[in-house]
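Accompanying notes for the structure given below.
The values are calculated or read from the model by the stated rules, or taken from the named source; none is laboratory data. Predicted model only: the values in this text are computed from it and were never measured. Counting neighbours? That spans all protein chains shown, and the Cβs are built from the backbone with ideal geometry, glycine included.
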Amino acid sequence: MAAEFQHTLGKAAGFSGTSLHTGEKVTLKLQPAPIDHGIKFKRKDLQEEPTIDTKIDNLKTVERATTIGEGSVRVHTVEHVLAALSAMGVDNAIVEMDANEPPIGDGSASAYVELIKRAGVVAQEASRRFFDAREPMHVESKAGSLLVLLPDDKFRISCTQAGPENRFTQFLSTEVTPAVFEREIAPARTFVYYEDVQPLIDKNLIKGGSLENAIVVRGESVLSKEPLRFLDEFVRHKMLDIIGDLALLGCRVRGHIVAVKPGHSTNAELVRAIAREQARSMAVAIKQPTLRGEGGLDTDELMQILPHRYPFLMVDRIISFEGDNKITGVKSVTINEPFFQGHFPGHPVMPGVLQVEAMAQVACILLFRLSKTSGRLGYFMSADQVKFRKPVLPGDTLFIHAELTKARGNRLARANCHCVVNDSVVSEGELMFAFLDK
Ligand SMILES: [Zn+2]
């Protein structure tokens, strides 16, 4: 399969409208973002303008719409803008809003597609990340929703929608490309069943709701300001919601989704299942770096130097030495690391201090190499300028670089260290060591 590039927006673009649940005016602005940024929401109306990452771990509720959040900050009804960004090929963007919900528009994703076309979509110099379905997966709910993901070299959806008593049963199957999305899916509007929304109208929970931004189905009749845009508009909107909810995965899916009576909660279940499968397959498919440069050390050799043992050995092997003052080690971080159990349950992140420990262990090996001639050993004394730039997750391969920058008065040594995952620096620090006689 040909490599595809990541894309962002060519420039910023925005529009204003009404939010569905509060009925207030909201302005939404799409901003370009760098490689590997993903889609983030920014609440411009709150102090310090907090951002919320589009990821399944941030999913809060799936009642009628998809809500994500971090801490106490929420953004509601994110699925239509996410569907438009994802399907139109935008990987990296910031969605700025001055409220907790995007403008509902006409209940479809057309306004967002127009906005994205106005901003333009531009390629970035990094390859897109995909989840390739390798074997069938499925999720289902007690209420009769069923989602199946099958291997396919394209992104396709085959969807069956059915209302109460199987009224308005509709089926559509298509590959999802930007052109298909814009023409066939984005214009499909939100629809609601009268019996579902009547209690909400009574409780005044959908202040911005009207026949201008949703189709209301009452019995056999369809109420809307504008006639149906497609005879099967409902199934098309279901596909729109699937695409939007799937964006919570944080990467693209290559596969065929077969959906029967889908809804936000089953969509989210499928994303969770894919995310679990992704973590599992990354943990077994870790790159095995080979020794290079002036040769390295395997695990046995480095354990003859370092006294550290499992679970505190933070380097698997040394892959290169460069001259007398540079070294590179590697550690495969798997979900089986004991620290992931408590750091944190359901949200595994490698502790930053353990990355510093990895830097110290790798630098120590370099000092040992020098001490062979000097007869002394280096002891870790202090760390300065330590920064943690990106989280290290299960499945990552940590490349640990150390460079000896100073050996002052033959008593102290300083090493500049940094850890790299997927070609970006995840942590760095300046480590000081004291030389002591053996
Ligand atoms: Zn929707």
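Here are the numbers for this structure:
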| item | result |
| --- | --- |
| Test: residue in segment 231-245 that is away from the ligand (no atom under 16 Å from the Cβ) and either exposed (fewer than 14 other Cβ atoms within 10 Å of the Cβ) or touching a residue at least 24 places away in the same chain (Cβ under 8 Å) (or both) | yes |
| Sole residue being within 30 Å of residue 276 (Cβ to Cβ), among the hydrophobic types (A, V, I, L, M, F, W, C) and at pLDDT 85 or above, chosen from 297, 302, 354 | 354 |
| Answer residue from segment 114-135, given it is part of a loop (DSSP other than H, G, I, E, B) and not charged (D, E, K, R) and is nearest to residue 277 (Cα to Cα) among those | 133 |
| Unmet requirement for residue 207, which otherwise passes all of (1) without any contact (Cβ under 8 Å) to a residue 60 or more places away in the chain; (2) away from the ligand (no atom under 16 Å from the Cβ); (3) more than 30 Å from the chain's Cα centre (by Cα) | (1) |
| Residue in segment 61-70 that is within 16 Å of the ligand (Cβ to nearest atom) and loosely packed, with under 15 Cβ neighbours inside 10 Å present | yes |
| Spans of strands (runs of 3 or more DSSP E) in segment 325-438 with at least 1 residues closer than 19 Å to residue 313 by Cα and of a type in the set (Gly, Ala, Ser) | 326-332, 376-388, 397-408, 424-437 |
| Odd one out for residue 315 among (1) modelled with pLDDT of 90 or more; (2) assigned to a loop (DSSP other than H, G, I, E, B); (3) of a type in the set (Val, Ile, Thr); (4) within 26 Å of the chain's Cα centre (by Cα) | (4) |
| Residue that is farthest from residue 240 (Cα to Cα) [pool: residues in segment 71-91 that are in contact with a Leu (Cβ under 8 Å, 6 or more places away or on another chain) and away from the ligand (no atom under 15 Å from the Cβ)] | 73 |
| Residue that is in a helix (DSSP H, G or I) and among the aliphatic types (A, V, I, L, M), where the choices are 143, 111 | 111 |
